[in-house]
Amino acid sequence: MAWITATYADDVTPDDEDFLTELYQALHQEAVGPESPYYVALERLPGNVLGQDAVPRLGREIRRSTVGNAFFLSGLRGSGKSSQLKRLRRDLGEIGFAVLMADAENYLDLRRPLDVTQMLFFLVGAIWDEAVELGWLERDAVTGGGWDRLKDWLKSLPNRITPTELEVGGEVGIPEVVKGNVVLRAEIRENPDFVKKLDSFLRGRQAELLGEARRIVADMVEAIRVRWTGDSWKGLVVIVDSLDHNRAIETENFNDVRRALANLFDLDRDKLILPSCRMVFTLPSYVRATGAGARYLTNVKVLEREGNPYAPGVDALREILRKRVPGRALDRLFADDALVEQLILASGGHLRMLLGLAVELITQAEVLPVDMPTVESSIQQVRNTLLPIPFDQLALLRTVSDTQQLPLGSEDEWHIVAELLNERLVLGYQNGEPWYCVHPLLRDRVDRDREEDATTRT
């Protein structure tokens with residue numbers, strides 16, 4: 001057997017190789033919380049690089065509110081929302097709140113439309129699971145736990161037989177909905193037929209479900225309060241994360257998913273509020289949660305509306321890179337500060353893309369510090385991941401470039417706009433109000449399309 005021995009460029013010393021390896025691993029830790037040495041409190045830096053102080057304001061509202069209130073946080077992908085939520089959890093925990101985070105992606109099939117029934121089952125079960133995981137509840141602290149109490153409640157309902165759309169002439173009763181060994185958490189997330197049967201069986205019983213869910217959560221909150229060991233008890237805060245991932249893969253189903261989620265937090269919002277605790281929901285940008293408590297996170301503003309670099313935003317991202325670099329020796333990685341700024345501006349203020357650009361840079365590095373050709377090659381490689389741009393997206397990108405707003409006209413365009421945001425082709429900033437721009441790596445492609453179109457017309 002022939003063994004292959006790894007070799008490195010002559011100019012990369014063993015010390016440099018160790019330095020790059022440590023940096024590579026640090027860059028792959030994306031959603032870091034305030035306990036991490038890599039964390040940067042962007043909202044505390046000068047220049048208001050995130051626009052409004054969304055999470056600090058959200059924290060103040062939660063502190064000053066009473067139980068039974070709900071709050072909403074929306075943010076663009078790569079805006080650092082997960083890190084901000086971890087900081088919110090820490091800040092509230094330090095003053096006596098019990099704060100748990102429930103990841104909807106672990107409990108719900110976010111590729112399909114959501115309704116009140118699924119959400120209530122998820123909330124009860126997730127609060128139970130997370131409280132047990134945190135050591136706030138023991139498995140026998142509340143008889144049967146959250147999931148078992150829901151199952152027992154279902155079994156206690158009259159065995160009403162109701163028609164189902166699953167098969168012509170079929171009927172759904174309690175035995176079909178909850179078998180003795182059914183695992184509710186797994187069925188709700190992974191079995192769409194089960195979800196349809198559950199919805200069918202509980203049709204007309206939503207008020208009963210809401211009452212039972214509230215009773216179970218109230219019992220859990222009281223059990224947590226009794227066991228609380230902190231200096232003070234200010235109540236339970238439940239942060240529901242990842243609902244912004246609720247989107248259909250298929251274009252034709254996107255509007256069904258969007259309407260369902262919008263209806264949940266418009267028409268049915270009161271049914272998701274649990275009077276014994278405070279709730280925080282993270283929502284996609286296309287769901288406009290109105291009223292007090294709605295906050296919005298954008299990308300880090302590294303550009304002015306006129307396209308000029310915004311120095312405070314560039315400085316903020318430079319600090320993020322510096323904290324990831326071993327020994328914070330940024331000058332060991334870059335030959336001069338202009339190269340750092342070039343990489344930062346290429347990210348457009350998208351935090352994950354900045355880390356991705358840095359990963360590509362050190363992957364290509366054959367000598368330290370890196371030079372301009374290596375920086376430019378790394379940027380081009382990442383740019384290639386955004387190309388090619390489909391024709392329908394290119395047309396809307398031109399509109400974004402011209403208006404600095406999202407082109408949310410017909411419902412057919414909603415899906416495309418969501419993809420533009422999801423794929424990082426469009427970035428958002430704030431100057432008092434949100435505004436949007438084409439990702440800087442794509443501006444030349446959009447401008448070329450505009451020129452080609454003008455030439456065709458003439």
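Nearest 10 degrees is fine. How inclined is helix 411-422 to the longest principal axis of the chain, computing both from alpha carbons? The helix 411-422 is inclined about 60 degrees to the chain. Building the convex hull from the alpha-carbon atoms of region 209-280 and averaging its projection over directions returns 6.2 nm².
Where the centre of each part is set by its Cα atoms, how far does region 341-376 sit from region 191-235, in angstrom? So the separation of the two Cα centres works out to 47 Å. Ranked by the mean number of other Cβ atoms within 10 Å of their residues, highest first, the peptides 397-405, 435-443 fall in the order 435-443, 397-405. Rounded to the nearest 20, the size of the Cβ-charge dipole of the chain about its Cα centre is 2000 debye, with Lys and Arg at +1 and Asp and Glu at -1. Relative intensity of the chain on a log10 scale, I(q)/I(0) at q = 0.07 Å⁻¹, equals -0.44, per a Debye sum over C-alpha point scatterers of equal strength in the absence of solvent.
Relative to the longest principal axis of the Cα atoms of the chain, the long axis of helix 311-324 lies at roughly 80 degrees.
At 25 °C and 0.890 mPa s, grab the translational diffusion coefficient of region 300-458 from Stokes-Einstein with a Kirkwood Rh over Cα pairs, rounded to a whole number in µm² per second. Using the Kirkwood radius from Cα pairs, D works out to 146 µm²/s. Counting only lysines at least 8 places from LYS197 when in the same chain, those with an alpha carbon closer than 24 Å to its own are LYS151, LYS155, LYS179, LYS271. Excluding same-chain neighbours fewer than eight residues apart, the lysines reachable from LYS81 by a Cα-Cα span under 25 Å are LYS234, LYS301, LYS323.
Of all aspartates and glutamates in the structure, the ones whose alpha carbon falls short of 17 Å from that of LYS196, not counting any fewer than 8 places away in one chain, are ASP109, ASP115, GLU165, GLU167, GLU171, GLU176, GLU187, ASP256.
Report, to the nearest whole %, how much of the accessible area of the chain belongs to carbon and sulfur atoms, 1.4 Å probe, protein only. On the chain, the fraction of accessible area on carbon and sulfur atoms equals 47 percent. Exposed loop sites were defined as GluC sites (Glu not before Pro) in DSSP loop states (anything but H, G, I, E or B) carrying at most 14 other C-beta atoms within 10 Å; in the chain the longest segment without such a site runs 36-137. Relative to the dominant Cα principal axis of the chain, helix 14-27 is inclined by about 40°. Only beta bridges with both residues in the chain are counted; by DSSP, about 30 percent of them are antiparallel.
The values are calculated or read from the model by the stated rules, or taken from the named source; none is laboratory data. What you see is a predicted model, and the numbers here were worked out from it, not measured in a lab. Note that each Cβ is placed from the backbone with ideal geometry, even for glycine, and that neighbours are counted across all protein chains shown. Only protein heavy atoms, including side chains, enter the accessible area calculation; ligands, DNA and RNA are left aside. Shrake-Rupley method; radii C 1.70, N 1.55, O 1.52, S 1.80 Å.
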